[in-house]
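Here's the structure, in C-alpha cells; my notes come after.
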Amino acid sequence: MVVLNLMIGQVTPPFGVCLFIVGDVGKVKLERLYRAIVPFLIPLIAVLFLCAYYPSLITWLPNVLLGE
C-alpha cells in the first residue's frame, strides 16, 4: 500500500518528480504530460482506496498460502 501511494505521488502534479524527468528527457511540455497521466491516475487511486478500506483484498493470498 505504501508503494502504491508513493507511485501515485511520483506522477501527480505539482510535485511529480517523474513527470519532470520524462518531460525533460522527451522534450514534452508538462501540460501535455498532465493530461496524459489522468486516465492512469483514476484506477490507481481507486485501487488505493480499495486497499485502504478492504484490507482483506491485500491479505487474502498470503492467508491462503500460509494457511492462517
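Every number in this text was worked out from the coordinates using simple rules, so none of it is lab data. The shown structure was predicted, so the numbers you read here are calculated from the model rather than taken from an experiment. Note that each Cβ is placed from the backbone with ideal geometry, even for glycine, and that neighbours are counted across all protein chains shown.
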Taking the criterion of being outside any helix (DSSP H, G or I), surrounded by 13 or more Cβ atoms within 10 Å (Cβ to Cβ) and under 12 Å from the mean Cα position of the chain (by Cα), would at least one residue in region 34-53 satisfy it? no
Looking for something out of contact with any helix residue (DSSP H, G or I) (no Cβ under 8 Å at 6 or more places or on another chain), part of a helix (DSSP H, G or I) and not hydrophobic (A, V, I, L, M, F, W, C) - is there at least one such residue anywhere in region 13-22? no
